[in-house]
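Undergrad: Pasting a structure below so you can have a look.
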Amino acid sequence: MKHFLLLAGLLAGSMTASAQDLSRGADNFYRSERVTSQEVTFHNQYQMKVAGNLFLPKDRTPGTKYPAIVVGHPMGAVKEQSSNLYAQRLAEQGFVTLAIDLSFWGESEGAPGHMVAPEIYADDISAAVDFLATQSTVDARRIGALGICGSGSFVISAAKIDPRIKAIATVSMYDMGAAMRNGLNASQSLAQRQAMIQSAIEQRQAEFNGAQPRYVPGTVTEISADTPDVQREFFDFYRTPRGAYTPPGQQADQTTMPLFSSLVKFLNFYPFNDIETIAPRPMLFISGDQAHSREFSEDAYRRAGEPKELYWVKGAGHVDLYDRTQLIPFTRLATFFQKGLAAP
């Protein structure tokens, strides 16, 4: 169980950082004066309400249809953590962007909250495409998707069966299935996996019998001299003013705390299987060269068909690319989408 709790923490990011390290342009709550924003909702195919923030360039030409990008947040986070930043910076470059809360997280529907449901997460991406395709400002033929951390695997899962997603980019991607099955660098044994499964299924039965839901502390709520470096990085983003955000009507410090009994659903999640079938739609994988998660971008790049690119950000760790604007290659992302979503 101790090994599993550490793995759960790894789902959000890694690399040593001191409390609220605002270096290298950390600006998670960036607000652009060059875009307009509005809160929107729409339904996925399960008829669950999905919440999002829609961003449009202020200098757009009336009557013109623009390319659009769906932006997915890190696993266990919400749209206000990293996604809004990326969405605004890309909207500044002439895209209509939509940062969404995945089902069971943030302001989107889903009970019990913080349920792990990768199939539904992927459908949320396609539902966002449904919504964008109805907007008068969007060219429905030119819609792409960007996934940060765990959402990188969800946008890939969606794109494999949704050809409307014309260009796919990931940042600090996690293959959530491989992470749960094997741990980082295949560090989890089969026996440890089986023990986690047994514990989760016992908790599921207990909850069916009336027990209170149990949530895994993916990010610790306090640190001590013994706190591992990987958790210090999570804490620095999710538990300090640098990145902490509490959705309306919810409790503080609940970010990155999934429902324990549902975590095993990731064991059946294989987002990279058949990834080559996305071709010839272009794919861009961005990772810090110091990120613990780089193995997932490398694996996806190896399996993907052409055209594809693996872009390394020198000196960056996993969570660094959530909000450190001096490290995030926004220009490279914009260029990728401008080419990938060019008018037919």
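Undergrad: Need the C-alpha centroid separation for segment 33-96 versus segment 299-326, integer Å.
TA: So the separation of the two Cα centres works out to 21 Å.
Undergrad: Using alpha carbons only, how many degrees (0 to 90, rounded to 10) separate the axis of helix 151-161 from the longest principal axis of the chain?
TA: 60 degrees
Undergrad: Additional query: With a cut-off of at most 12 other beta carbons within 10 Å, and DSSP calling the residue loop, which chymotrypsin sites (Phe, Trp or Tyr not before Pro) in segment 205-236 qualify? Please list them.
TA: none
Undergrad: With no solvent and one equal point scatterer per Cα, compute the Debye intensity ratio I(q)/I(0) for segment 193-241 at 0.18, 0.21, 0.24, 0.26 Å⁻¹ and report its log10, rounded to two decimals.
TA: -0.72, -0.78, -0.82, -0.86
Undergrad: Give me the extension gain from Ala343 to Glu309: residue separation times 0.36 nm, minus the current Cα-Cα distance, reported in nm with one decimal.
TA: 10.1 nm
Undergrad: Remind me, relative contact order of the chain in percent, using alpha carbon pairs under 8 angstrom and six or more residues apart?
TA: The value is 24 percent.
Undergrad: Around Arg214, under 13 Å between beta carbons, what's the net of Lys plus Arg minus Asp minus Glu among the other residues?
TA: Values: positive: Arg204; negative: Glu202, Glu207.
Residues close to Arg214 contribute a combined charge of -1.
Undergrad: Could you give the longest part of the chain that holds none of the GluC sites (Glu not before Pro) found in DSSP loops with at most 16 neighbouring Cβ atoms within 10 Å?
TA: 34-221
Undergrad: Mind checking the angle between helix 118-133 and the chain's longest principal axis? C-alpha axes, 0 to 90 degrees, to the nearest 10.
TA: For 118-133 against the chain, the angle is about 20 degrees.
Undergrad: Here's something else I'd like to know. Would you please give the residues with an amide H less than 5 Å from that of Lys308, counting only those at least 5 places away or on a separate chain, with H modeled from the backbone geometry?
TA: When sequence neighbours closer than 5 places are left aside, the close amide H contacts are Met283.
Undergrad: Right, another one. So for the pair Gln38, Asn185, with labels modelled 7 Å out along Cα→Cβ, what separation do we get in nm?
TA: 5.0 nm
Undergrad: Related question: On the Cα set of the chain, report Rg and Dmax in Å, please.
TA: Here Rg and the maximum Cα pair distance are 18.8, 60 Å.
Undergrad: Longer than 30 Å from Cα to Cα, which of Lys49/Lys339; Lys65/Lys308; Lys160/Lys265; Lys65/Lys314; Lys49/Lys160; Lys79/Lys339 are they? Say none if no pair is.
TA: Details: Lys49/Lys339 32 Å; Lys65/Lys308 27 Å; Lys160/Lys265 19 Å; Lys65/Lys314 36 Å; Lys49/Lys160 23 Å; Lys79/Lys339 26 Å.
Check vs 30 Å cut-off fails for Lys49/Lys339; Lys65/Lys314.
Undergrad: In deg cm²/dmol and to the nearest 500, what is the mean residue ellipticity at 222 nm of the chain if only DSSP H runs of at least 4 residues count, each as -39500 (n - 2.57), divided by the residue total?
TA: When only DSSP H runs of four or more count, the value is -9000 deg cm²/dmol.
Undergrad: Kindly work out what percent of the DSSP beta bridges joining two residues of the chain are antiparallel, to the nearest 5. Don't jump to the answer; show the numbers that get you there.
TA: Values: 15 of 41 bridges.
Taking every DSSP beta bridge with both residues in the chain, the antiparallel ones total about 35 percent.
Undergrad: Related question: Apply the Karplus curve 6.51 cos²θ - 1.76 cosθ + 1.60, θ = phi - 60°, to the phi angles in segment 135-146 and return the couplings in whole Hz, x for Gly and Pro.
TA: Going residue by residue, I get 7, 5, 8, 10, 8, 4, 7, 9, 10, x, 9, 10 Hz, with x marking Gly and Pro.
Undergrad: Rounded to the nearest 0.05, what FRET efficiency do Asp59 and Arg302 give with R0 = 45 Å and r taken as the Cβ-Cβ distance? Could you check?
TA: 0.65
Undergrad: Quick one: Leu102, Leu310, Leu341, fewest Cβ neighbours within 10 Å first, how do they rank?
TA: Values: Leu102 29, Leu310 16, Leu341 21.
Lowest to highest Cβ neighbour count: Leu310, Leu341, Leu102.
Undergrad: Related question: Using the Karplus curve 6.51 cos²θ - 1.76 cosθ + 1.60 with θ = phi - 60°, what ³J(HN,Hα) values do you get for each residue of segment 261-275, in whole Hz, with x for Gly and Pro?
TA: 5, 9, 4, 5, 4, 5, 5, 9, 9, 10, x, 8, 5, 6, 4
Undergrad: How tilted is helix 229-238 with respect to the longest principal axis of the chain? Cα atoms for both, answer in degrees (0 to 90, nearest 10).
TA: Long axis of 229-238 versus the principal axis of the chain: about 50 degrees.
Coordinate-derived values only; no laboratory data. A quick note: this is a predicted structure, and the numbers were derived from the prediction, not measured. Every residue, glycine as well, gets a Cβ built from its backbone with ideal geometry; the counts of neighbours run over all protein chains shown.
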